[in-house]
1. Scan the range 219-252 residue by residue and report those that are surrounded by fewer than 19 Cβ atoms within 10 Å (Cβ to Cβ) and touching a Gly at 6+ places or on another chain (Cβ under 6 Å).
2. Can you tell me which condition Ile295 does not meet? The list is (1) open to solvent by 40 Å² or more (accessible area, probe 1.4 Å); (2) modelled with pLDDT under 95, and all the others hold.
3. Considering only residues of the range 30-81 that are open to solvent by 30 Å² or more (accessible area, probe 1.4 Å) and touching a Ser or Thr at 6+ places or on another chain (Cβ under 8 Å), which is modelled with the lowest pLDDT?
4. Go through the residues of the range 142-161 one by one and say whether even a single one is modelled with pLDDT under 90, polar (S, T, N, Q) and part of a loop (DSSP other than H, G, I, E, B).
5. Which one is most open to solvent (accessible area, probe 1.4 Å), of the residues in the range 134-190 that are β-branched (Val, Ile, Thr) and farther than 17 Å from Gly120 by Cβ?
6. Only one of Val395, Val360 is open to solvent by less than 50 Å² (accessible area, probe 1.4 Å) and either more than 23 Å from Ala282 (Cβ to Cβ) or among the small types (Gly, Ala, Ser) (or both). Can you tell me which?
7. Scan the range 283-305 and give yes if some residue there is of a type outside the set (Phe, Trp, Tyr), in contact with a Lys or Arg (Cβ under 7 Å, 6 or more places away or on another chain), part of a helix (DSSP H, G or I) and closer than 26 Å to Val176 by Cα, otherwise no.
8. If you check Ser182, Ser131, Ser126, which single one turns out to be touching a His at 6+ places or on another chain (Cβ under 7 Å) and touching a residue at least 12 places away in the same chain (Cβ under 8 Å)?
Amino acid sequence: MVKGKPSRGDDEESHQPLQAIVLADSFNYRFRPITLESPKVLVPLVNVPMIDYTLEWLASAGVEEAFVFCCAHAQLIEAHLQESGWLSMNSFKVHTISSRDCTSAGDALRFIDQRNCIRGDFVLISGDVVSNLRLTEALALHRERRKKDKQAIMTIMTKKLSSAAKKRLGDSDLVVGVDPNSKQLVAYEDGSQKSTHMRIESKYFKGRKAVQLRTNILDCHIDICAPEVLVDFRENFDYQQVRRDFVGGVLIDEEMGNKIFVHELEERDYAVRIHNLRTYDAVSRDLIQRWVYPIVPDNSITPARMCTSSYKYMRGNIYRQDGVNIPRSATLGHNSVIAAGCKVGENTVIRTSVLGKNCVIGSNCVIEGCYLHDDVVVGDNVKMTLSMLCSQVTVHSGAVLEEG
């Protein structure tokens, strides 16, 4: 018996590359005034722009093509992607899509939909997510559900957290309703609407043995989406935010019957979105303490960094590049990162801090729990605690910078 030749459509579907949409604009003002002159995704996180961590994870997770949507400071983002080598990779294609007219994530997704560049299931992610998640299992489960039910249009990545971990990350009061058997999402309330109650549609209780309401969940802001997600945004111009409007709309829609599922990460997996300064600090410490391995300071992230000097990893989670001038009387304490070209004065103490390139620190200073970006100059006898200094900032001698 001669087997028939597979159709062209089946062959194309089986070889469909996994794509991603990266939103390089958060469409909020939580990082102002930093983001008045530079986009949030280019803010250094342990001396690497945030978006590089996102792209590195996508490349390592098997994504073959990524579309980076740029709005505010689009030219700076495009220049960075070009200079860092992301736009010239062969195995991982990165494209930029820019628009100055979009004011929300919904506008951005509708603009991308008009370009007709998404050809199948895709990963939706913000350019400020740090992860080492292995996507294989979640992607396989999503595709298996899609084969059985075409209305399963989205899978949201979540992670179980202790109350202490949620407080450390500064996460909102997220409450998620989930069918424990099918993992279908039935309710989502992130606390942004300051509501004193939660609404769960009665349809979700029909034919189910149980519905779990969970408060120990972190939304990783990594979604596996079917093309129908873009169609839904196209047909609903009032959808502005992905969680509040799209997810909320799907949960209450009686007519379309679309479904959203959750995938809970394993304990060893890491995925956190940097949505405020508290998560910025928490993720920085996690990177330094190697909780996001293999994403660590002594491993190169961007393609262009493959040819540059990497950090040397030392006891106490100390990372130091070549070309650093530290006298013997100075102390470089645990959980610290110091980049090339830095000069430190006599009797200065640096603990749990990150120093960018070419920083100059005076004598008799105490710097603890701080983040100094490139080319910062600090005078003598300065005391700094829990502070962030952007590039080319000067702190005069004798100054005291404290928390708050």
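The values are calculated or read from the model by the stated rules, or taken from the named source; none is laboratory data. Please read all numbers here as calculations on a predicted model, not as lab measurements. Methodologically, a virtual Cβ is constructed for each residue, glycine included, from the backbone with ideal geometry; neighbour enumeration extends over all protein chains shown. All accessible areas refer to the heavy atoms of the entire protein, side chains included, with ligands and DNA or RNA removed. Shrake-Rupley method; radii C 1.70, N 1.55, O 1.52, S 1.80 Å.
1. Selection gives Gln240 alone.
2. Every condition holds for Ile295 apart from (1).
3. The residue in question is Ala72.
4. no
5. Pass one, the range 134-190, residues β-branched (Val, Ile, Thr): 136, 153, 155-156, 158, 175-176, 178, 186.
Adding the requirement that they be farther than 17 Å from Gly120 by Cβ leaves 156, 158, 175-176, 178, 186.
On the way: Ile156: 3, Thr158: 10, Val175: 38, Val176: 6, Val178: 13, Val186: 2 Å².
For the range 134-190, the residue satisfying everything is Val175.
6. Numbers: Val360 fails: open to solvent by less than 50 Å² (accessible area, probe 1.4 Å).
Selected residue: Val395, the only one of Val395, Val360 that is open to solvent by less than 50 Å² (accessible area, probe 1.4 Å) and either more than 23 Å from Ala282 (Cβ to Cβ) or among the small types (Gly, Ala, Ser) (or both).
7. No.
8. Numbers: Ser182 fails: touching a His at 6+ places or on another chain (Cβ under 7 Å); Ser131 fails: touching a His at 6+ places or on another chain (Cβ under 7 Å).
When all the criteria are applied, what remains is Ser126.
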